[in-house]
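Below: the structure, in structure tokens.
Values in this text are rule-based calculations from the coordinates and carry no lab data. Everything numeric in this text was worked out from a predicted model, so none of it was measured. For neighbour counting, all protein chains shown are included, and Cβ atoms are generated from backbone atoms with ideal geometry for every residue, glycine included.
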Amino acid sequence: MSDPARPQHIDFSGFEAALRRQAAEREAPHRSPPIPSAIAAASRLTEVELTWIEKKLEHWIRFGRIAHDRILTRRTRVVSFRPGAIFTFVRWSANDYGTITSRIDVLRAVDAGEPYTTLPFVRPGGDILLHIELAEGEPGARRDRRGGSGGCRSLRCRVRPLAPRSQPHRRGP
């Protein structure tokens, strides 16, 4: 009786050809493929990594014209902005007791060769136009007399003024 799952004759000619092709590729000098102009131009873009972990960590863009959007995982994506684009990057984190920090940064995407400020999750960085940080757990944070959160009354709000163009706050590499 012949079993249809086990053929009588197996043809290995395709396998041998594949082995020869792989050996030839290993022996050939390694040449990098040419980079298409679209990918080369993308290196000038400012990339922002956005993360969403429910009730723990959230990064999002409040406004700005996104040039490119790439989904990495179910919780992470990378958005890109062209040089000169203005956008707002919001970072929020919490623990079991509530908000730990909330940061809002209004940034301008920089062009190659311009000075920039480095920020977490922003590559390479950007020109910070406005930085607002609300922190609940920092020392010196005031509480509402009733014990509840009264908006900015229970948080310490810090707004950093704009630095002159000739003297940025921090410079990237």
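Hull volume per residue, based on the alpha-carbon atoms of the range 89-132 and their convex hull, is 59 Å³. With the highest mean first, a sort of the peptides 121-133, 71-83 on other beta-carbon atoms found within 10 angstrom per residue produces 121-133, 71-83.
Remark on HIS68: its backbone amide H falls under 5 Å from those of SER80, a criterion applied only to residues 5 or more positions apart or on other chains, H modelled at 1.01 Å from N.
If N is the number of residues in the range 59-112, what value comes out of its Cα radius of gyration divided by 2.2 N^0.38 Å?
Expressed relative to 2.2 N^0.38 Å, the Cα Rg reads 1.32.
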